[in-house]
Structures are given as C-alpha cells and as structure tokens.
Amino acid sequence: MGNSLKRFGDNTRKIQVGFGRGEKCMKHQSIKEAKLSGKLPGILRDNRGITGLETAIILIAFVVVASVFAYTVLSAGVFASQKGKEAIYGGLKKVSEVLEPRGSTIAKDTTAPADSKVDQVIFTVALALGNDPVDFTPPTDVASDGEPDAGSAHKTIISYIDERQYLSNLTWTKTLLGFGNSNNLLEANEQFEITVNLAKVATGTNPLGADTTFTLEVKPSHGSVLNITRTTPGSIGAVVQLY
C-alpha cells in the first residue's frame with residue numbers, strides 16, 4: 001500500500017512537471033507569435049516605402065518629360081516669332097519707298113529744227129531716309145536707239161507708259177549733283193540727275209507730244225517703284241517744265 005502511494009505521488013509530480021513544461025512551451029510560442037505579429041507592421045511599412053519611392057520616381061519622370069516638352073514648345077515659339085519678324089521686316093523693306101524725287105521734272109526737244117516731240121525727260125532722285133544704297137549703273141546702248149543692249153548690266157529699270165503704249169526698259173544716264181563720290185551707288189546725302197532717252201518713243205508711231213499724260217516707272221533693285229507722272233503742256237519747246 002505504501003509503495004502504491006509512493007508511485008502515485010511520483011506520477012503526480014511528473015504530470016505537474018509535464019504541465020509546467022507545456023505551459024512554458026505555450027508561453028514561448030505566444031512570445032514568438034507576439035514578436036512575429038510585431039514585425040508585420042514593419043514589413044507593411046517597408047512595402048509602403050517602396051511604393052512611395054516608385055511613385056516619386058514616376059512623378060520626377062513626368063516632371064522631366066513635361067519640362068522637355070515645355071522647352072521644345074518655347075523654342076519653337078521663339079523660332080517662329082523670329083521668322084515672323086524677319087518676314088515682316090523683309091516685306092516692309094520691299095514695299096517701303098527707297099527713292100524720292102527732288103526738284104522739277106524737265107522735258108526736252110533736242111531735235112533741230114524742233115519737231116514738238118519730247119526726246120528726253122530729266123528728273124532728280126535721292127535716297128529716302130534710312131534706306132540702303134541703290135545701284136544706278138547706267139545701261140549700255142551701243143546703237144543709241146533708246147533701248148538697252150541685251151547684255152547690259154544695269155539693275156535699275158526705267159519704263160514708260162502713256163495711254164497708247166508701254167515700253168518696259170529705256171536707256172538712261174546719270175549725273176551726280178553736288179556732294180558725293182564717283183561710284184554708281186546712290187547713297188545717303190547724294191542726288192543723281194537722271195536723263196531718260198525717249199528716242200524709242202519719239203521715233204515710234206506715238207511720240208510724246210503736247211497735252212499728253214505719261215508715267216515713268218523707276219524700278220530699283222530693292223524697295224518700291226518710284227512713279228513719276230506728268231502732263232506735257234499745250235506746246236513743246238526746247239526745254240519745258242512738267243507738272
């Protein structure tokens with residue numbers, strides 16, 4: 001009986017020890033789970049950090065692309081504006097008045113005896129303010145018929161118009177008046193006297209006589225055309241002032 005009680009006591013202590021160990025294991029497992037559960041929010045926070053970095057990279061890339069696009073648009077705008085200004089200035093230069101007449105316009109009947117036909121028209125031109133020089137190299141006319149030679153190198157063209165005819169290219173000469181140099185460029189503060197040879201008109205079927213309105217078109221190499229429109233008086237003398 002005593003031995004049985006002793007074995008019963010030993011078994012009871014073993015069971016208590018087992019329960020104690022199991023409780024310790026359970027506590028240890030609980031501690032591990034608690035630690036694991038404590039790490040999970042950190043892991044989630046790490047994932048959120050990675051996602052935020054990716055978003056930042058995408059945003060930066062978007063800003064860079066937008067900046068490049070904006071620079072391209074601005075560059076194109078500046079280029080177009082510059083070209084627009086050049087076109088405007090070029091157009092203004094083409095239509096602006098380069099030449100202006102000075103003084104009277106004179107008609108001459110150089111035939112002897114006089115035949116009441118205008119053989120020459122004389123006028124004076126100067127540069128309009130702020131314009132580039134104009135080339136007044138005279139045309140060559142070997143035949144002296146009032147029409148420039150085919151190979152003439154002149155750049156300023158003078159045409160004749162009246163109600164009966166149009167002559168596109170007449171012979172003319174120039175004379176420097178007052179201050180200037182000896183070249184063929186009409187420059188600032190210079191004046192050229194232009195003598196237009198109307199032999200082609202005077203010897204044709206419709207010479208320039210009395211009471212006739214006509215126009216001389218002076219066409220420089222650049223700028224607008226200078227039109228000189230005059231009317232001959234009722235009678236033509238050796239020298240006549242035209243209005």
Which of 141, 119, 149 comes first, and how do the rest follow, when ranked by fewest Cβ neighbours within 10 Å? 149, 141, 119
Starting from the Cα gyration tensor of region 99-242, take the square roots of the eigenvalues, sort them a ≥ b ≥ c, and report rounded, prolate or oblate (rounded when a/c is under 1.5, otherwise prolate if a/b is larger than b/c, else oblate). prolate
Considering the zone a paramagnetic label at residue 97 would reach in this model (a point 7 Å from Cα along the Cα-to-Cβ line), which residues of region 190-230 have amide N under 17 Å from it? 190-192, 216-220, 222-230
Quick calc: nm separation of the 7 Å Cα→Cβ label points for residue 69 and residue 162 -> 7.1 nm
I'd like the Karplus ³J(HN,Hα) series for region 119-129: coefficients 6.51, -1.76, 1.60, θ = phi - 60°, whole numbers in Hz, and an x wherever there's a Gly or Pro. 9, 9, 10, 10, 8, 10, 10, 9, 6, 5, 4
Which loop-located GluC sites (Glu not before Pro) does region 164-209 contain, where loop means any DSSP state but H, G, I, E or B and the Cβ has at most 16 other Cβ atoms within 10 Å? 187
Residue-wise HN-Hα coupling along region 57-63, computed from phi with Karplus coefficients 6.51, -1.76, 1.60 (Hz; x: Gly, Pro): 4, 4, 5, 4, 4, 4, 5
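Since every read-out is calculated from the coordinates, none of them should be taken as a lab result. Predicted model only: the values in this text are computed from it and were never measured. We place every Cβ from the backbone using ideal geometry, glycine too, and count neighbours over all the protein chains shown.
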